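**Student:** I'd like to ask you about the structure that follows.
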Amino acid sequence: MMSSFGYKRASEQDWQQAEQLLRQSKHILAITHVSPDGDAIGSLLGFTHAMRTMGKTVIPACQDKPQLKFAYLSGLNEIRTKVNGNFDLVVGIDSSDLKRLGSIYQNDLHGHLPILVFDHHITNSYYGNVNIVIGEVASAAEIILQLLQRLKIAISPEIASPLLTGLVSDTQAFRTSSTTADSMAAAMILMKAGAPLMEIINKAVVTQPFDNIRVLGEGIRNTKMEDGLAYATISRKLRQELGLKDDRGDGGLVSVLINTHEAKIAAVFTENPEGKIEVSMRSRPGYDVSQVALEFGGGGHAPAAGCTLPGPMRDVVNQVVPQLRRVIAEA
Ligand code: 5GP
Ligand code: MN
């Protein structure tokens, strides 16, 4: 089923405007989305390294710290969780709306600057002055790769590894329905440029800290499976009881749940350190969860979307679950 948001693809004119903005600017603030995943971090770092080869100053930033599993990426420690200084361009990466840039983007400091967006979410709100939004690519990293090809920037291993990390992360190692022949072609280019595919798959997708498994275990224990909807909650209290070091994320639970034969839609409700509830949703082809995410002020793709709501947990579950049931009933 096509998403109700239809087709989004940047035009040749959009690309030319993007290139012009980049050429004009010297000091770039590059921001990726809060609670960053592998595509957020990978496309941010790939963009940062590439722009530096063009002589730009780039500060890569994200409100929240990246996960330690990405330590193999060069420049990871340079990602700032707070920024100051003067910039002449803001670049929003893998982020579907301004809110996703979190506390890094401050209207009083940055409101006068042009915003350039590189994103692949069909729910993108076009918050930039120039928006390179391509709904049909699997990862923001592939859009950054297209940019580098247009600008004829040589792709070093330092650029290729984070971009392949983005592609591998958002496709769960080429297993999602968003994986196309073009994604494979992009992966080939990045491998040939020196990105180590197997190491990246292992570090970004396959191996995980034991604490994740413990979160998974507790989440699976409280999962409800009702008429094709699988859902679970992970509270801060649970994390405290388990004595967990990491204070974010679902440990990969939502992917486990959607991969059960019975599930048409899966959702995990995770209480974050700020006390808000992060809702992570997945669906099988034919069911679009991006609409539900958008209804609640979030966004995403038809098969993978999310939103963040004020708690308490029970209220959020009671609001979101009926909407997910409706998607199943109406399909
Ligand atoms: P995940 O469930 O892996 O956190 O996210 C799935 C997809 O939904 C990703 O593309 C992610 O960027 C998007 N997403 C998750 N949470 C939010 C949110 O609170 N707001 C928006 N706009 N998008 C979200
Ligand atoms: Mn992405």
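The values are calculated or read from the model by the stated rules, or taken from the named source; none is laboratory data. Since the model is a prediction, treat every value here as computed from it, not as a measurement. Note that each Cβ is placed from the backbone with ideal geometry, even for glycine, and that neighbours are counted across all protein chains shown. Each accessible area value is taken on the protein alone, full model and side chains, heavy atoms only, with ligands, DNA and RNA left out. Shrake-Rupley method; radii C 1.70, N 1.55, O 1.52, S 1.80 Å.
**Student:** Answer with yes or no whether GLN24 is open to solvent by 10 Å² or more (accessible area, probe 1.4 Å) and within 18 Å of ILE104 (Cα to Cα).
**Tutor:** no
**Student:** Okay, moving on. Here is a list: ASN107, ASN84. Which entry is within 28 Å of LEU294 (Cβ to Cβ), more than 16 Å from ligand 1 (Cβ to nearest atom) and open to solvent by 10 Å² or more (accessible area, probe 1.4 Å)?
**Tutor:** ASN107
**Student:** Would you check which residues across the stretch 192-230 are buried (at least 16 other Cβ atoms within 10 Å of the Cβ) and either farther than 28 Å from LEU73 by Cα or hydroxyl-bearing (Ser, Thr, Tyr) (or both) and list them?
**Tutor:** Residues satisfying the conditions are GLU218, GLY219, THR223, GLY228, LEU229, ALA230.
**Student:** Could you tell me which residue of the stretch 49-72 is nearest to ligand 1 (Cβ to nearest atom), considering only residues that are in contact with a strand residue (DSSP E or B) (Cβ under 8 Å, 6 or more places away or on another chain) and open to solvent by 50 Å² or more (accessible area, probe 1.4 Å)?
**Tutor:** Filtering the stretch 49-72 for residues that are in contact with a strand residue (DSSP E or B) (Cβ under 8 Å, 6 or more places away or on another chain) and open to solvent by 50 Å² or more (accessible area, probe 1.4 Å), the one nearest to ligand 1 (Cβ to nearest atom) comes out as ARG52.
**Student:** Right, here's the next one. Yes or no: the stretch 28-51 includes at least one residue that is in a loop (DSSP other than H, G, I, E, B) and away from ligand 2 (no atom under 16 Å from the Cβ).
**Tutor:** no
**Student:** Which pairs have Cβ atoms under 6 Å, sit 6 or more apart or on different chains, and link a residue in the stretch 231-258 that is within 25 Å of ALA304 (Cα to Cα) and open to solvent by 30 Å² or more (accessible area, probe 1.4 Å) to one that is among the aromatic types (Phe, Trp, Tyr) and at pLDDT 90 or above?
**Tutor:** Close Cβ pairs (under 6 Å, with a partner that is among the aromatic types (Phe, Trp, Tyr) and at pLDDT 90 or above) amount to THR233/PHE269.
**Student:** Of all residues in the stretch 99-138, which are part of a helix (DSSP H, G or I) and within 14 Å of the chain's Cα centre (by Cα)?
**Tutor:** LYS99, ARG100, LEU101, GLY102, listed by residue number.
**Student:** Could you list all residues from the stretch 297-316 that are away from ligand 1 (no atom under 13 Å from the Cβ) and buried (at least 18 other Cβ atoms within 10 Å of the Cβ)?
**Tutor:** Listed by number, the list holds a single entry, MET313.
**Student:** Select, from GLY102, GLY75, the only residue that is within 16 Å of ligand 2 (Cβ to nearest atom), surrounded by fewer than 20 Cβ atoms within 10 Å (Cβ to Cβ) and modelled with pLDDT of 95 or more.
**Tutor:** Criteria check complete, one pass: GLY102.
**Student:** Let me ask something additional. If you take the residues in the stretch 52-65 that are of a type in the set (Val, Ile, Thr) and either farther than 29 Å from GLN172 by Cα or outside the structural domain of ILE159 (by TED's automatic domain parsing) (or both), which one is nearest to ligand 2 (Cβ to nearest atom)?
**Tutor:** Here the answer is THR53.
**Student:** Run ILE159 past the list (1) away from ligand 2 (no atom under 12 Å from the Cβ); (2) within 22 Å of SER11 (Cβ to Cβ); (3) touching a residue at least 60 places away in the same chain (Cβ under 8 Å) and report the number of the one that doesn't hold.
**Tutor:** The number of the failed condition is (2).
**Student:** I want to confirm something. Restricting to the stretch 54-98 and keeping residues that are part of a helix (DSSP H, G or I) and among the aliphatic types (A, V, I, L, M), which single residue is farthest from PRO196 (Cα to Cα)?
**Tutor:** LEU98
**Student:** Among ALA160, ALA187, ALA173, ALA181, which is open to solvent by 60 Å² or more (accessible area, probe 1.4 Å) and in the same structural domain as ARG100 (by TED's automatic domain parsing)?
**Tutor:** ALA181
**Student:** Does at least one position in the stretch 144-152 carry a residue that is open to solvent by 20 Å² or more (accessible area, probe 1.4 Å), within 16 Å of ligand 2 (Cβ to nearest atom) and not charged (D, E, K, R)?
**Tutor:** yes
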